[in-house]
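Following: one structure in structure tokens, then a few remarks.
The values are calculated or read from the model by the stated rules, or taken from the named source; none is laboratory data. This one's a predicted model, so the numbers in the text were calculated from it and none came from an experiment. Counting neighbours? That spans all protein chains shown, and the Cβs are built from the backbone with ideal geometry, glycine included. Surface areas here come from the heavy atoms of the whole protein model, side chains and all, with no ligands, DNA or RNA. Shrake-Rupley method; radii C 1.70, N 1.55, O 1.52, S 1.80 Å.
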Amino acid sequence: MDQIDVVKLDINLWTSSKKLRPEDLVLADGSKLPPEDLAYLGTKKTIDPDKLKEFNRIKKEAERICLQSGTRFIGGFANPRAEIPRITQELDELSKTFYEARDQLLATYHEDTEEWIARHAEFGDAIRRAIEPVESVASKLRFDYVVFRVTVPQADTLLPDATPAAVDSLHRRTNSMSDQLFHEIAQEASQLIDRSFVGKDTVTGRSLNAFRRMRDKLDSLGFLDHRCMPVVDKIDAVLDALPKQGPYNGIAFNSLFTLGLLLSDPDKIKRHGSGLLQMESISVSDAIAAVESDEEDVDVEMLDSSPAVPVAVAEEPVEAPVADTSAVNTDDDNDLPGFDDFLSNYNPAKDVFDTAPLVDVSINLDNFAQDVFEPALEATSFMASVKETVQVAAETASTSIPVQSKDESETPATEEVVEDFWF
């Protein structure tokens, strides 16, 4: 608050609008107007609205002058105190333009009203009843402004009733000025994008003037928020890298377009000012998100297409442990005589095993427990009988069980037992 003054515009326009009355309407036989508690009649014009457009233009120009280096605040425009002399000088010149337009309107006021009545002769009486005297119109057209400073209320002899709530209310409005500033910048940038970039591949130097206005505004109010100056630096960097003369297309156009996208979103402005968003990432952010989504899909597909139980192939032959042939232990897969040779030489049609089957210790239990280990545990008791059958076959056969050829037919029972277990 110690660095700003507030400019409040006091501009009053005359619109020539008057309330439309029932007697102004020509109703067909049997027609009935709705009661006032249901609907209100509109308004009527007593002069051509085009005659008043100049006053609307002047009012918007006054607001633009105040917003060039300021932002809206408590009904006025907060500006750095160093900008107040420039603002007052431009408003004084604009005030002269306003009163010149008013004098011109008043000089031809009667002729303009008569011309408007002649254009709408059918409703001439309704218009004539609402025409104001020229003196009344003159008093309603006014252009003025006031400059003031805002201070925090202090509990002293002049303001004995100052309360913390009164101080906090002003602090809330003061702290919201930066949000209002970023909103106004985003609004201007959005208009610039729609006007100069959308559907085009080339811009002229006039677009650079809009960026410079936004840059100067952020620079003049940089004391409101520390996030303003990084954005100012980015605008300077983009504009300084452009060729000296336009038109601008290709890389220059894309650079300006991306800068406009950054400035058209208050959240992006704040994030860039905080160092959380780089301008170069704005134009490709959607593409990066799509790539990341595709990578996630690939990972899922790889998991789905991989074998149910990943098997790590040993780099060196694994020596089978010596088994105790006195008893069959159903809790150890390697204690059955001849069982290791059977597994190492077994070669089913799908080539599930290369050498000795080794379960990868890095298996994610969350992904495979339901589909792999629970069925395996349920099959433990069944495998005991399988081992006994293989032991009997090993005692009656040779030391090594021959490898089954892929061309030979497999017995349904053996295929079902092995695949159910290892699946």
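Structure notes:
- Entries in LYS8/LYS270; LYS8/LYS60; LYS45/LYS140 that, when Cα-Cα distance is taken, lie over 19 Å: LYS8/LYS270
- Placing pseudo-labels 7 Å out from each Cα toward the beta carbon at LYS60 and GLN89 gives an inter-label distance of 2.6 nm.
- Area projected by the alpha carbon convex hull of segment 48-171, averaged over all directions, nm²: 11.7
- A probe of 1.4 angstrom, applied to the heavy atoms of all protein chains, finds HIS183 with accessible area near 90 square angstrom.
- Solvent-accessible ranking of ARG213, ARG129, largest area first, probe 1.4 Å: ARG129, ARG213
- Taking all protein chains together, VAL147, VAL167, VAL6 sort by accessible area into VAL147, VAL167, VAL6, largest first [probe 1.4 Å].
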